[in-house]
Amino acid sequence: MTIADEVIQLLQQAVRRGDQDIFFQGQASGWLVFGRRGSERYFIADLDLTHGRAIINYFKYQAQMDLSEQWRPQIGAWHYQTTQLELDLRLTSVGDFHHQETLVIRLLTEIPKTYRFINAARYTSLTKLLNRRGLILFSGPTGSGKTTLMYYLAQKLAASQTILTIEDPPEMVAPEFIQLQVNSQALMSYQALLQISLRLRPDVLIIGEIRDELSAQMAAQAALSGHLVLATVHARTSGGVIQRLQELQLSVTTLKTCLTACCYQRLIPLNFQQQSDDQDRQGELALNLDLLCGDPLLATIIQPQQTLQNWQADLQAARKDGLISAETFQKFQYG
């Protein structure tokens with residue numbers, strides 16, 4: 001089997017499992033290869049120095065990265081296409097203090113056609129909010145599906161509305177959207193793209209991440225000017241989103257005027273994963289969504305607090321119904 005054949009096989013297996021990332025973790029004897037799906041990381045292969053270097057160089061070559069540079073950070077992209085599979089990959093490499101190179105490959109998938117939720121009623125409530133204007137914020141750890149859910153929701157509006165995204169870099173492929181990518185070398189910062197995006201008159205604006213005071217202010221401004229704005233922000237609960245926005249200098253008055261909802265989410269492994277013998281499938285995941293809107297949102301804006309009451313109630317019900325295991329409940333009960 002050639003190196004190209006091995007890479008194709010690795011990607012095909014990753015797609016079948018629903019992997020979000022493939023890790024090549026450098027060590028003295030070669031590389032350990034892992035896959036990641038949701039919050040779970042699992043072992044794929046142990047490659048010696050010669051074999052591992054050949055596979056990594058193949059990926060880097062396809063992504064137009066410098067093969068001779070194995071220490072300084074590099075970013076590359078590869079649009080992989082065959083008659084059986086079409087896939088966009090984003091590659092990041094860097095060397096550790098031993099100069100052992102690590103490569104992470106993010107699989108950029110299309111917008112899913114279906115989604116499974118622990119509590120479907122919360123998702124229904126969220127979709128009803130899309131008819132309003134204002135700011136809807138999504139929080140959760142890396143790999144919890146925040147961007148996927150935003151795209152999934154926005155796609156439902158794409159037939160009749162203009163969707164514009166600003167990301168660093170784009171996480172998903174959506175030809176029906178206007179997708180802008182942050183590029184500091186071309187003076188296309190988050191702030192610059194946010195400013196120009198309002199002149200392009202989108203109906204829905206997706207912001208990859210609110211990361212500083214200026215982007216928070218501009219997201220609020222866009223929401224106040226009549227747009228539906230979907231964005232991610234770092235917080236550990238839906239209520240914690242309010243505290244984070246106040247840390248970014250958004251006033252209570254501004255939040256009461258522009259904020260429509262806050263969400264916190266995780267991908268939860270379903271119970272039958274533990275009974276499956278299909279190693280490629282690695283079980284099914286469902287999204288648990290904690291939604292803060294309406295009167296509870298207003299009360300939280302006035303007096304910020306971190307709460308997981310709805311979150312824990314949904315997981316308790318899922319455990320009672322046998323949808324998730326007791327071990328999964330213990331792992332995810334605090335977000």
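Here is how the numbers come out for the structure above:
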| quantity | calculated |
| --- | --- |
| Qualifying residue in segment 122-139 (condition: under 21 Å from D21 (Cα atoms) and among the β-branched types (V, I, T)) | no |
| Residues satisfying the stated conditions in segment 109-129, i.e. surrounded by fewer than 15 Cβ atoms within 10 Å (Cβ to Cβ), part of a helix (DSSP H, G or I) and either free of Cβ contacts under 8 Å to residues at least 24 places away in the same chain or among the small types (G, A, S) (or both) | A120, A121, T124, K128 |
| Scope segment 224-262; condition among the polar types (S, T, N, Q), out of contact with any Gly (no Cβ under 6 Å at 6 or more places or on another chain) and assigned to a strand (DSSP E or B); matching residues | T232 |
| Only one of L49, L67, L10 that is touching a Gly at 6+ places or on another chain (Cβ under 8 Å) and of a type outside the set (S, T, N, Q) | L49 |
| Only listed residue being closer than 30 Å to R41 by Cβ and of a type in the set (D, E, K, R), chosen from D168, D203 | D168 |
| Matching residues, segment 74-104, being within 14 Å of I56 (Cβ to Cβ) and of a type in the set (D, E) | E101 |
| Residue within segment 57-66 that is among the basic types (K, R) and surrounded by fewer than 17 Cβ atoms within 10 Å (Cβ to Cβ) present | no |
| Test: T162 is of a type in the set (V, I, T) and in contact (Cβ under 8 Å) with a residue 40 or more places away in the chain | yes |
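Bear in mind that the values in this text are calculations on the coordinates, not laboratory data. These numbers come from a predicted model, not from an experiment. Note that we place each Cβ from the backbone using ideal geometry, even for glycine, and neighbour counts take in every protein chain shown.
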